[in-house]
Amino acid sequence: MIKRTLLRLCLFALLPILFIVFLPRQQAPVASNGGALFVTSWGSDVTSSGKFKKPLGIAADSSGLVYVADSRNSRIQVFNASGTYLSAWGSFGTGNGQFNLPSDVAIDSVGNVYVADAGNHRIQKFTSTGVYITQWGGSGSGNGQFNQPHGVVIDAEGNVYLTGKGVTVFNAAGEQIENIPVPESWTANVTFGGKDRDTLFITASDSLYSVKTRVKGAY
């Protein structure tokens, strides 16, 4: 009787171990090794079409076109989702449609393209095919002025969020309507996220911040 009781106790003690050993493994949601699934890549460090020199910002529109801020080549390049080169626009300079270290790119809900032209301390707006529309900014610390703006994102109402000193918000006409303060000297990038895409995520010098907004990201 004592031996049977000890045997049962031993079996009960082993059940959790047996359960752990024989429990089927869950499949990773993306790749079998638990990491990201590599799909494709394109470009290299040169100046010819479809190649890059220090690409920084990237955005995709609702049709799947990919826009890349090719910073050291002072241009925006456009590709399809497979990486096939389609077009480019821009050159080094300070004129309309020219760039000095374009650092980021964003697309609004109707397909307009916004470029953070960091070295020229401004933001430029284009059609989806690269036709210049307007610009605003300038070097300085006053309202509507920038010091090397880096990140840009658009909300569903067409407002433009630009990093630098906190996050400065403009309407589609380039009029400053708000500034979101951040307790650090410089903000690097910004994007919408969250379940409902109504949370603004901001990277700064040392920290990451999130701000709940009344509007959602463009798409």
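The values are calculated or read from the model by the stated rules, or taken from the named source; none is laboratory data. Note that this is a predicted model, so its numbers are computed, not measured. For neighbour counting, all protein chains shown are included, and Cβ atoms are generated from backbone atoms with ideal geometry for every residue, glycine included. To get the accessible areas, we keep the full protein, side chains included, count just its heavy atoms, and leave off ligands, DNA and RNA. Shrake-Rupley method; radii C 1.70, N 1.55, O 1.52, S 1.80 Å.
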Q | GLN148 long-range amide H proximity, modeled H, under 5 Å | A | HIS121
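With every protein chain present, what is the per residue accessible area of segment 141-193 (1.4 Å probe, Å²)?
Values: 2350 Å² over 53 residues.
Ligands and nucleic acids excluded, the result is 44 Å² per residue.
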Q | Overall dimensions of segment 136-198 by Cα: Rg and Dmax, Å | A | 11.5, 36
Q: Take the alpha carbon gyration tensor of segment 94-160, find the square roots of its eigenvalues, order them as a ≥ b ≥ c, and report rounded if a/c is under 1.5; if not, report prolate when a/b exceeds b/c, else oblate.
A: oblate
Q) What is the set of long-range amide H partners of ALA204 at a cut-off below 5 Å, with H atoms built 1.01 Å from backbone N? A) ALA188, TYR209
(Q) Let me check the size of segment 61-219 from its C-alpha atoms; what are the radius of gyration and Dmax in Å? (A) 14.7, 42
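Using mean Cβ contacts within 10 Å as the protection proxy, how do 112-119, 100-107, 128-135 order, highest first?
Packing proxy ranking, top to bottom: 112-119, 100-107, 128-135.
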